[in-house]
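All of the numbers you see were taken from the coordinates with simple rules; none came from a lab. This structure is a prediction, so every number in the text was calculated from the model and none was measured. Here the Cβ positions follow ideal geometry from the backbone for every residue, glycine too, while neighbour counts run over all protein chains shown.
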Amino acid sequence: MGLGLLASRALRPAASRLLRNHSPRDGLVRAIGSTPERQRPEAASAAQAQPDPTPDLPPRKPLAGARVHFPNPEDAIEVFVDGYPVKIPKGMTVLQACEVAGVDIPRFCYHNRLSIAGNCRMCLVEVEKSPKPVASCAMPALPGMKIKTDTPVAKKAREGVMEFLLMNHPLDCPICDQGGECDLQDQSMAFGSDRGRFTEVKRSVVDKNLGPLVKTVMTRCIQCTRCVRFATEIAGVQDLGMLGRGSGEEIGTYVERLMTSELSGNVIDICPVGALTSKPFAFKARNWELKGTETIDVTDAVGSNIRIDSRGPEVLRIIPRLNEDINEEWISDKTRFCYDGLKRQRLNDPMIRGADGRFQVVSWHDALAMVGEVIHKVAPEEIVGVAGKLSDAESMMALKDFLNRMGSSNVMCEGNGKHPNADLRSGYIMNTGITGLEKADVFLLVGTQPRVEAAMVNARIRKTVRATHAKVGYIGPLTDLNYDHEHLGTGPQTLTELAEGRHPFCSTLKNAKNPAIIVGAGLFEREDLEAILSAIETIAKNGNVVRPDWNGYNVLLLHAAQAAALDLGLVPQSPDSIKSAKFVYLMGADDVNVKDIPDDAFVVYQGHHGDRSVYRANVILPASAFSEKEGTYENTEGCVQQTLPAVPTVGDARDDWKIVRALSEVAGVQLPYDSVGGIRSRIQTVAPNLVSVDEREPATFSATTLRPNTNQKISPNNFGTAIENFYMTDAITRASKIMAQCSAMLLKK
Amino acid sequence: MDDNKYVTRRRGNGCSISSGRPADPSPPSWTSTTSTTSSTSPTSVPPSPPRSARTNSHVTNPKVIDMLLFKGMEELNNITEHAKQRHHIIGQYVVGNQGLVQDSGTKEKGMSDFLKKFYKSNYF
Ligand code: SF4
Ligand code: FES
């Protein structure tokens, strides 16, 4: 909330009314601080009690362009905010009614995604016929209510609350990391008095250790309990709580322990003051020095919307952006804190491994010339390309085109397994969409642990379970899900029982209105994938999961590149081609088993981090990371989004697709595009959905057999865990010190 | 005295002023106070200061040399006294150096425009 905005909002209506009733000077006097009116607010409001003439202000618009959704048109009620009639659905609070009327009510404890606490009293407004000001966030709006937000009573009330809040709040804004984006700072400027009357000693509170991510300065806490409510309601952990009473009230962890949620970083954003701030960001920068770049996250397949805050060439922090369809306003800790990995272990220059086994820095010219020469010495079918889990669609398209031109069709993407089925889009994306999960009433999780694979999807499931008591059945190894669930079994055995209708959960599925099956992409690596998928299909058929109006068959992907790779048809011709390859092109692929690559193969590694595959590479081509390039990514629900460059590339690195394009020319098979625009029009011919950015293209409906019948046998091996360590899943997060600290401290069993 | 050492390095090649002492290979102390080491390595910094010195190697007027020397000292002081912020230092001495791009000379014949630009920089 901009300070200027707040101040002018506070000033404008007041000034115009006062101009009518009083001398102009009075109207201008009140900026900050007590005015004579506020010293005796009751008298002033009595003087004003005569009915307001029809207001002369221009009609106001809801705040931030919010739209009001009337679930039931008969339930609309009318209230008056500062004399304006507004129509709102029944059940809204006074504060929400004011928002619809375009009046921003100051608040600390109220947060529209959390339950209502009503304990800060900052949102006091005057309601006609009510003897005292009321806390608007907790008061339901009633028909005909006359709400007044800028009367002397309301202003005095706010001023008083502000004085109380500041009584025990340290005056350490100059050394506080929240300074400049602090609700308390902003609101005390807009609504507070210019002095306080408190002269005693301020209280102080011992800081708590919440782990490597959240820094606490508990003396600054104003006891709004947003963090407690976030932890219990959204993150689903009972880690934080309120201890003590009165002035001894403290936020803490009851016993000395760390905050163990994978969403814990979000308390930094919701804390209205500087009590909870980011530990890695502490004292690094002031928020007004930072350049914000709106982009997306690539550390998992959710594609959370983020803003990268950078100063000069450095990424200093990552914070979430609102996107109701994907991540609402939260992001996982991995997304938020992986950024220091962007500075470590980066590949700066092209390198060639010399005869002595050491890397030598060479020019791009020499590096490309060498690769271009070698690739012509091997037979086309011995050329294999692997795209890594962070690859964008543009580079994957270029890689595929390049290798096809070299005569090879062995191009694959990490994580998609040996036998990816790229023919039916509904077979590899989340068909309900992430928001669609909220409509489901029964979930069946097959071989997936959403809490570590896609924390934001898990948060959605948790939200649904909390709101509607949806049932969750889970098949897979023992795991920690932060909502009620039934552990049905650990492996394909249970799946067969479900498919044959022998399992008690079958009736739950059958009785469900909107059942959703979520299949983990970890299963893609299994040899018996076809058989497992056909068992799931039988379950889907029996449970009526896929219908024209509801497609509850979902695949939860693991990596940012997976969906686009399948859309672009990165499917290897022969599944084990890598074992007989003579030339392997790893485009950011760090999770291929390097032991599979024959010893005499020539390995080109193109990527941004000196991660696992570098040890096997013969040539290194440095590429830019997601924070440095413009790239298209498709998330697990099929929503296409783009990253934007926030910082310059390091060293002599180049964008992935440019490298492939340049190499193609050196190798004599020049690709026909020279610009991002060119490559996007090429993508359009292959997968048109990948060019409609920020849109989610649902898969075409197909109720009939999703895949050819298989005579494969289901192997009795239990389902595995796809992600062992939530904090370290790719080259960037593995290079991050913060993530390493998290895995050391938080994953300790 | 300590400052002098860096002046030598700063104006190292192509400049007549030299204290005759070899450059100290350990990272300058300010790299630890500004923790620039997280974005760069000590070895990648040294080429930048001499390069900026070399841009003035044609200057012969002693007055101008004096002035350049003064400016150099000032810059150095700003760095060692932390009057310069970390991101200024990084911006000036770590990124934006074109030193790693090699001139490919006559080999460029027959190359597409794209490839020529590609060899020069990532941004085109
Ligand atoms: S720590 Fe922050 S979010 Fe939590 S109660 Fe205190 S002020 Fe509110
Ligand atoms: S916002 Fe209403 S009491 Fe805190």
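Just checking the output field for A:662-672: average partner chain Cβ neighbours within 10 Å of each residue's Cβ? Walk me through the numbers before you get to the answer.
Details: counts 8, 2, 1, 6, 3, 0, 0, 0, 3, 1, 0.
Partner Cβ neighbours, averaged per residue: 2.
Using a cut-off of 20 Å between alpha-carbon atoms, which lysines can reach A:LYS208, once sequence neighbours fewer than 8 places away in the same chain are excluded?
A:LYS279, A:LYS748
With a Förster radius of 56 Å, plug the Cβ-Cβ distance of A:LEU142 and B:LEU69 into 1/(1 + (r/R0)^6) and report the FRET value to the nearest 0.05.
Details: r = 79 Å, r/R0 = 1.41.
Approximately 0.10, to the nearest 0.05.
Could you tell me the center-to-center distance, by alpha carbons, between segment A:247-275 and segment A:652-670 in angstrom?
Answer, in whole Å: 48.
Please identify the GluC sites (Glu not before Pro) of segment A:281-332 that satisfy two criteria: DSSP loop assignment and at most 10 other Cβ atoms within 10 Å. Which are they? If you can, show how the numbers build up before the last one.
Working: sites: A:GLU289, A:GLU294, A:GLU314, A:GLU324, A:GLU328, A:GLU329; in loops: A:GLU324, A:GLU329.
For GluC sites (Glu not before Pro) across segment A:281-332 that sit outside H, G, I, E and B with at most 10 neighbouring Cβ atoms in 10 Å, the list reads A:GLU324.
Could you tell me which residue out of A:HIS365, A:GLN178, A:ALA667 lies farthest along the dipole of chain A toward its positive end? Charges go on the beta carbon: Lys and Arg +1, Asp and Glu -1, centred on the Cα centre.
The one lying farthest along the dipole's positive direction is A:GLN178.
As a quick test, which of the pairs A:LYS471/A:LYS510; A:LYS658/B:LYS120; A:LYS61/A:LYS463; A:LYS513/A:LYS541; A:LYS148/A:LYS463 have an alpha carbon distance above 24 angstrom in this structure? Could you put the intermediate results ahead of the total?
On the way: A:LYS471/A:LYS510 12 Å; A:LYS658/B:LYS120 12 Å; A:LYS61/A:LYS463 30 Å; A:LYS513/A:LYS541 14 Å; A:LYS148/A:LYS463 34 Å.
Beyond 24 Å between Cα atoms: A:LYS61/A:LYS463; A:LYS148/A:LYS463.
Once you place label points 7 Å from the Cα toward the Cβ at A:HIS487 and B:HIS88, how far apart are they in nm?
5.9 nm
Between A:GLU500 and A:HIS469, take the C-beta separation as r, use R0 = 25 Å, and let me know the FRET efficiency to the nearest 0.05. Provide the component values of the computation, followed by the final result.
Working: r = 28 Å, r/R0 = 1.12.
Between A:GLU500 and A:HIS469 the formula returns 0.35.
Restricting to DSSP loop positions (anything but H, G, I, E, B) with no more than 13 other Cβ atoms inside 10 Å of their own Cβ, which GluC sites (Glu not before Pro) remain in segment A:160-248? Could the numbers behind the result be given before it?
Working: sites: A:GLU163, A:GLU181, A:GLU200, A:GLU233; in loops: A:GLU181, A:GLU200.
Those satisfying the criteria are A:GLU200.
Let's see if you can work this out: charge +1 on each Lys and Arg Cβ, -1 on each Asp and Glu Cβ, no other charges. What is the dipole magnitude of segment A:183-278 about its Cα centre, in debye to the nearest 20? Before the final figure, lay out each step's value.
Details: 11 positive and 12 negative charges, 62 e Å.
For segment A:183-278, the charge dipole is close to 300 debye.
Would you mind putting A:354-367, A:415-428 in packing order, based on average other-beta-carbon counts within 10 Å, highest first?
Values: A:354-367: 14.6, A:415-428: 19.4.
Result, highest mean Cβ count within 10 Å first: A:415-428, A:354-367.
Taking the Cα centre of segment A:518-597 as origin, work out the dipole magnitude from +1 charges on Lys and Arg Cβ and -1 charges on Asp and Glu Cβ, in debye rounded to 20. Each step should come with its number before you reach the end.
On the way: 6 positive and 11 negative charges, 12 e Å.
Computed about the Cα centre, the dipole is about 60 debye.
Over all residues in B:112-124, what is the mean tally of Cβ atoms on other chains that come within 10 Å of each residue's Cβ? Kindly include the intermediate steps, with their values, before the conclusion.
Values: counts 5, 1, 10, 12, 1, 3, 13, 7, 1, 4, 15, 5, 3.
The shielding value for this peptide is 6.
Please report the antiparallel percentage of the DSSP beta bridges confined to chain A, to the nearest 5. Walk me through the numbers on the way to the answer.
On the way: 45 of 82 bridges.
Of all bridge pairs located within chain A, approximately 55 percent are antiparallel.
Do the sum for chain A: with -39,500 (n - 2.57) for every DSSP H run of n ≥ 4, divided by all residues, what is the mean residue ellipticity at 222 nm, to the nearest 500 deg cm²/dmol? Numbers along the way, then the final one.
Numbers: 22 runs with 197 residues, N = 749.
Estimated from H runs of four or more residues: -7500 deg cm²/dmol.
Round to a whole angstrom and tell me the spacing of the C-alpha centers of segment A:380-420 and segment A:87-145.
56 Å
What's the exposure ranking of B:THR55, A:THR335, A:THR293, A:THR225, going from fewest to most Cβ atoms within 10 Å? Working shown, then result.
Working: B:THR55 9, A:THR335 28, A:THR293 17, A:THR225 22.
Least crowded to most crowded, the residues run B:THR55, A:THR293, A:THR225, A:THR335.
Could you give the length gained on full extension between A:ILE116 and A:ASP194, defined as 0.36 nm per residue of separation minus the Cα-Cα distance, in nm? Mind dumping the intermediate values first?
Details: separation 78, 0.36 × 78 = 28.08 nm, distance 2.97 nm.
In short, 25.1 nm is gained.
Rounded to the nearest 20 debye, what is the charge dipole size of chain A about its Cα centre when +1 sits on each Lys and Arg Cβ and -1 on each Asp and Glu Cβ? Kindly include the intermediate steps, with their values, before the conclusion.
On the way: 86 positive and 90 negative charges, 450 e Å.
For chain A, the charge dipole is close to 2160 debye.
Can you compute the label reach from A:ASN725? Point 7 Å from Cα along the Cβ direction, backbone N cut-off under 18 Å, restricted to segment A:602-636.
Of the residues in segment A:602-636, A:609-615 have backbone N under 18 Å from the label point off A:ASN725.
Say each of A:ASP596 and A:ARG67 gets a label point 7 Å from the Cα, pointing the same way as Cα to Cβ; how far apart are those two points in nm?
Once both label points are built, they end up 4.6 nm from each other.
Give me the distance between the Cα centres of segment A:433-479 and segment A:537-590, rounded to whole Å.
If we compute the Cα centre of each part, the gap is 21 Å.
Given H placed on each backbone N at 1.01 Å, which residues far from A:GLY638 in sequence or on other chains put an amide H within less than 5 Å of it?
The answer is A:MET430.
Along the Cα→Cβ direction, 7 angstrom out, place labels at B:LYS120 and A:ASP325. What is the inter-label distance in nm?
Label-label distance for B:LYS120 and A:ASP325, simple model: 4.0 nm.
Can you list the trypsin sites (Lys or Arg not before Pro) in segment A:254-311 that are in a DSSP coil and have 14 or fewer other beta carbons within 10 angstrom?
Details: sites: A:ARG257, A:LYS284, A:ARG286, A:LYS291, A:ARG307, A:ARG311; in loops: A:ARG257, A:LYS284, A:ARG286.
Taking segment A:254-311 and a limit of 14 other Cβ atoms within 10 Å, the loop trypsin sites (Lys or Arg not before Pro) found are A:ARG257, A:ARG286.
Pop the C-beta distance of A:LYS202 and A:CYS173 into the FRET formula with R0 = 22 Å and round what comes out to the nearest 0.05.
Numbers: r = 14 Å, r/R0 = 0.65.
Rounded to the nearest 0.05, the efficiency is 0.95.
Taking the highest mean first, how do the peptides A:593-606, A:726-739, A:486-499 order by number of other beta carbon atoms within 10 angstrom per residue? Don't skip to the answer; put the middle values down first.
Numbers: A:593-606: 17.4, A:726-739: 23.7, A:486-499: 19.4.
Per-residue Cβ counts within 10 Å, averaged per peptide and sorted highest first, yield A:726-739, A:486-499, A:593-606.
Among A:MET396, A:VAL465, A:LEU424, whose Cα projects farthest towards the positive end of the dipole of segment A:395-480, with charges put on the beta-carbon of Lys, Arg (+1) and Asp, Glu (-1)?
Sorting the options by dipole projection puts first A:VAL465.
Counting other beta carbons within 10 Å of each residue's own, what order do B:HIS58, B:HIS82, A:HIS608 fall into, fewest first? Before the final figure, lay out the partial values.
Working: B:HIS58 7, B:HIS82 12, A:HIS608 29.
So the ranking, lowest neighbour count to highest, is B:HIS58, B:HIS82, A:HIS608.
Note down the net charge around A:ALA76, summing +1 for each Lys or Arg and -1 for each Asp or Glu among other residues with Cβ under 12 Å from its Cβ.
Numbers: positive: A:LYS87, A:LYS90; negative: A:GLU74, A:ASP75, A:GLU78.
In short, -1.
Run the paramagnetic zone check for A:MET745: 7 angstrom along Cα to Cβ, then residues of segment A:309-349 with backbone nitrogen under 13 Å.
Within reach of a label on A:MET745, which here means backbone N under 13 Å from a point 7 Å along Cα→Cβ, segment A:309-349 contributes nothing.
Going Cα to Cα from A:LYS155, which lysines come in below 16 Å? Please leave out same-chain ones fewer than 8 positions away.
A:LYS132
Excluding residues on the same chain fewer than 8 positions from B:LYS71, give the lysines whose Cα lies under 23 Å from its Cα.
B:LYS5, B:LYS63, B:LYS84
Considering the options A:VAL134, A:ILE714, A:VAL302, tell which one lies farthest towards the positive end of the dipole of chain A, charges being +1 on Lys and Arg and -1 on Asp and Glu at the Cβ, about the Cα centre.
A:VAL134
Within segment A:175-192, which residues have the backbone N less than 13 Å from the label spot 7 Å out from A:TRP288 along Cα→beta-carbon, could you tell me?
Correct set: A:179-182, A:186.
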